[in-house]
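S.K.: Just passing along the structure, written as structure tokens.
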Amino acid sequence: MPLSEIYEALNGDPSVRRRLRFADAVVAIEAGAERWDIALRDGAIAPAGAGETAQGRIRISADAWQAFQQPVPPPGCHDIYAMAETGRATVTGDFLTLFRYSYVLKDVLQQLATGRMFG
């Protein structure tokens, strides 16, 4: 699924828009060789602008990312927190920002991996 369609799907979800209505953050997501710098602002998700610094970073190993994309991911690869707990991912940066938007970030990861939402 093209990235523009992923942003459209996320921005079209009322629960995502509601959770981001006061957002102002940039988060970097690295999964294997892929990288996305995502701006969460005023109820929407968009690519971060050039030169914007991420407040938080999620790095997922290539094997964990591949496992996460399966219809039923194996234990330890089904969630960003499980991946971090088992050493398959690292989460760094401003944890308040990352936790504040954790539900939205889970939706973003699910969309990036599979083109579908959790809920």
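S.K.: Counting only heavy atoms of protein chains, what accessible area per residue, in Å², does the chain have with a probe of 1.4 Å?
M.R.: About 54 Å² of surface per residue is accessible.
S.K.: Length gain on complete extension for the stretch GLN70 to GLU34, per 0.36 nm per residue less the alpha carbon to alpha carbon distance? It would help to have the intermediate numbers written out before the result.
M.R.: Working: separation 36, 0.36 × 36 = 12.96 nm, distance 1.71 nm.
Between GLN70 and GLU34, full extension yields an extra 11.2 nm.
S.K.: Carbon and sulfur together cover what percent of the accessible area of the chain at a 1.4 Å probe radius? Before the final figure, lay out the partial values.
M.R.: Numbers: 3390 of 6370 Å².
The computed percentage sits at 53.
S.K.: Here is a follow-up. Rounded to the nearest 500 deg cm²/dmol, what is the calculated helix-only ellipticity per residue at 222 nm for the chain, with -39500 (n - 2.57) per DSSP H run of length n ≥ 4?
M.R.: After summing the helix terms and dividing by the residues of the chain, the value is -10500 deg cm²/dmol.
S.K.: Now for a different question. May I ask for log10 I(q)/I(0) of the chain at q = 0.18, 0.22 Å⁻¹, from a Debye sum over the Cα atoms as equal point scatterers with solvent left out?
M.R.: These q points yield log10 I(q)/I(0) values of -0.91, -1.38.
S.K.: Here is a further query. Taking a label point 7 Å from the Cα of THR86 along the Cα→Cβ vector, which residues of segment 29-61 have an amide N closer than 18 Å to it?
M.R.: Within reach of a label on THR86, which here means backbone N under 18 Å from a point 7 Å along Cα→Cβ, segment 29-61 contributes 31-32, 59-61.
S.K.: Further question on the same structure: Could you tell me how many degrees, from 0 to 90 and to the nearest 10, lie between the Cα long axis of helix 102-114 and the main elongation axis, the longest principal axis, of the Cα atoms of the chain?
M.R.: Helix 102-114 and the main axis of the chain meet at about 60 degrees.
S.K.: Using a Gaussian network model of the chain whose springs link C-alpha atoms within less than 10 Å, name the residue from ASP13, ASP79, ASP37 with the highest mean-square fluctuation.
M.R.: Highest fluctuation of the listed residues: ASP13.
S.K.: Then there is this: Working out 0.36 nm times the residue gap between GLU52 and ASP24, then minus their Cα-Cα distance, what length gain in nm do you get to one decimal?
M.R.: Residue separation times 0.36 nm, minus the Cα-Cα distance, leaves 8.9 nm.
S.K.: Which trypsin sites (Lys or Arg not before Pro) in segment 1-35 sit in a loop by DSSP (not H, G, I, E or B) and have at most 16 other Cβ atoms within 10 Å of their own Cβ? Don't jump to the answer; show the numbers that get you there.
M.R.: Working: sites: ARG17, ARG18, ARG19, ARG21, ARG35; in loops: ARG21.
When the trypsin sites (Lys or Arg not before Pro) of segment 1-35 are filtered for loop state and at most 16 Cβ neighbours within 10 Å, ARG21 remain.
S.K.: Grab the eigenvalues of the alpha-carbon gyration tensor for segment 73-112, scale each by 5, take roots, and send me the semi-axes largest first in whole angstrom.
M.R.: Working from the Cα gyration tensor, I get semi-axes of 17, 14, 7 Å.
S.K.: I would also like to ask the following. Over the chain, what is the relative contact order in whole percent, taking alpha-carbon pairs under 8 Å and six or more residues apart?
M.R.: 23
S.K.: Could you pull out the GluC sites (Glu not before Pro) across segment 1-106 that fall in loop regions by DSSP (anything but H, G, I, E, B) with no more than 16 other Cβ atoms inside 10 Å?
M.R.: Answer by residue number: GLU52.
The values are calculated or read from the model by the stated rules, or taken from the named source; none is laboratory data. Just so you know, these numbers come straight off a predicted model, no measurement behind them. Glycine gets a Cβ as well: all are built from the backbone with ideal geometry, and neighbour counts include every protein chain shown. To get the accessible areas, we keep the full protein, side chains included, count just its heavy atoms, and leave off ligands, DNA and RNA. Shrake-Rupley method; radii C 1.70, N 1.55, O 1.52, S 1.80 Å.
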